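Any read-out appearing in this document is the output of simple, stated calculations on the displayed coordinates, not a laboratory observation. Just so it is clear, the model here is predicted, and its values are computed rather than measured. Cβ placement follows ideal geometry from the backbone for every residue including glycine, while neighbour counts extend to all protein chains displayed.
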Amino acid sequence: MIPLVETKRFTFKSGLFIVATPIGNLRDITVNAIDVLKASDYVLCEDTRVSKKLLDKYNIKPKLISNHKFNEKKNLNKVITLLEGGKIISLISDAGTPCVSDPGSIIVRECIKKNIKIFSIPGPSSVTAAVAISGFTDRYFFYGFFPEKEKEINKDFKILAELNSSIVFFISAKKFLKSIPILKKFFSNRKIVICKEITKLYEEYIRLDITELENFKNNLRGEITLVLSERKNQKNDNKLDEINKKKIRKLIKKLSIKDIVEVINENKNISKKEIYNFCLTLKNEK
């Protein structure tokens, strides 16, 4: 029999509750989330100092357990033991929904293995908030934070560049400025919305073409959310100019047409069909 805990409003089953918290404005929290947190025996949180501000505002007094990317594995046995003992445990992050570019996935996977009940308490999300105000297509791919290694970035961005949907990234302000060249390299045929301080006092949305980022001087701070648009109309592909035609003439003796198309088209937004047809023309001249 699953133990129950009574609150003034609702009765909750024991288990792990994934609770979304405000992404900025502390009033952006659901009534359900408040009830669950009040009913919790323990709350797992990234930074107890950050979480305490939210919990104190709503007079919520559970026991806090620090749970971040450096100690999540170490916490695992303790948390599972508490859950198997019938406790109600809520998992929150500093902002937004846990397990989405935030700690929590390790514990969730272990709960699944152990058949421990998991409940999702939805709420604020910087991803959907940013997509909603972007004006881009609502078909979007959420990527999260950039990898640390440039090799991984290049590998992933080459794939992402082919997606004709909006793309959402998280990134620190400091890293964003350093990443402008690579964004221009792979996504020059898109628009971008830079979302800073969502729901906070200095909330701002900066709308540009990716090609305009070169002169971007805005003094950004903290973490920001980027939304890239779907690709611009492919009718605007650049024409195959004489420089690239000369390059193709050199490559035609060494590479297959397929390989030449990839080499010439990469990051230049040139029509693949035009490259292919020019290669065929050269082949037929022989």
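What does the C-alpha gyration tensor say about the overall shape of the range 159-283? Classify as rounded when a/c is under 1.5, otherwise prolate if a/b is larger than b/c, or oblate. Judged from the Cα gyration tensor, the range 159-283 comes out prolate (a/c at least 1.5, a/b above b/c).
Each listed q (0.16, 0.20, 0.23 Å⁻¹) maps to a log10 I(q)/I(0) for the range 127-232, found by the Debye formula over equal Cα scatterers with no solvent: -0.64, -1.05, -1.45. Run the quick spin-label model on Ile243 and Glu285: label points 7 Å from Cα toward the beta carbon, then report their separation in nm to one decimal. For Ile243 paired with Glu285, the spin-label model returns 2.0 nm. For the cross-link pairs Lys69/Lys184; Lys155/Lys196; Lys151/Lys250; Lys63/Lys174; Lys245/Lys272; Lys178/Lys217, which exceed 23 Å when the distance is taken from alpha carbon to alpha carbon? Checking Cα-Cα distances, Lys69/Lys184; Lys155/Lys196; Lys151/Lys250; Lys63/Lys174 exceed 23 Å. For the chain, the share of alpha carbon pairs falling in successive 10 Å distance bins from zero is 6, 23, 24, 19, 13, 8, 5, 1, 0 percent. Over the range 127-200, what is the relative contact order in percent, taking alpha-carbon pairs closer than 8 angstrom and at least six residues apart? Across the range 127-200, relative contact order equals 35 percent.
Of the DSSP beta bridges with both residues in the range 132-286, give the percent that are antiparallel, rounding to the nearest 5. Restricted to the range 132-286, the bridges split so that about 75 percent are antiparallel. Using a cutoff of 8 angstrom between alpha carbon atoms and counting only pairs six or more residues apart, the relative contact order for the chain works out to 16 percent. Take the convex hull of the alpha carbons in the range 48-123; its mean projected area over all directions comes to 5.3 nm².
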